[in-house]
Amino acid sequence: MITVLFFGPVAERVGASRLELEYQSGMRLQDVQAHLQPRYPEAFALVTLAAVNGEQVRDRSLPLADNCEVVFMSKFSGG
């Protein structure tokens, strides 16, 4: 399984902070996004950052392994 986490306004627009997707051999980060984006277009309009297993990822063609944790979030500011 792939655990997908959402934070902040992305989670609000998805309506959940966590989803599970069945892992498929050869799966890449872009496949996870392509699967979820049509379901949650308003959420993915905000996505600017992705991470896999706690590390920020810029290359969405990154291969995934079973039991990976994927995070999608928007930029945020603190103060």
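Per residue, the solvent-accessible area of the chain (1.4 Å probe, heavy atoms of protein chains only, all protein chains present) comes to 62 Å². Summarising the strand pairing of the chain, around 75 percent of its internal DSSP beta bridges are antiparallel.
In plain terms, the chain from T48 to E69 could stretch by 5.9 nm, reckoned as 0.36 nm per residue minus the Cα-Cα distance. The slack between R60 and Q37, meaning 0.36 nm per residue of separation minus the straight C-alpha distance, is 6.9 nm. Surface calculation, 1.4 Å probe, protein heavy atoms: R28 sits at approximately 90 Å² accessible.
In order along region 34-50, phi translates into HN-Hα couplings of 5, 6, 8, 4, x, 6, 10, x, 5, 5, 6, 5, 9, 5, 10, 10, 10 Hz, rounded to whole numbers, per the Karplus curve 6.51 cos²θ - 1.76 cosθ + 1.60 with θ = phi - 60° and x for Gly and Pro.
A 1.4 Å probe, protein heavy atoms only, puts the accessible area of M73 near 40 Å².
In percent, how large is the relative contact order of the chain, given Cα pairs closer than 8 Å and 6 or more residues apart? It comes to 43 percent, rounded to a whole number.
The values are calculated or read from the model by the stated rules, or taken from the named source; none is laboratory data. Worth saying up front: this structure is predicted, and the values here are computed from it rather than measured. Remember, those area values only see protein heavy atoms, side chains included, never the ligands or the DNA or RNA. Shrake-Rupley method; radii C 1.70, N 1.55, O 1.52, S 1.80 Å.
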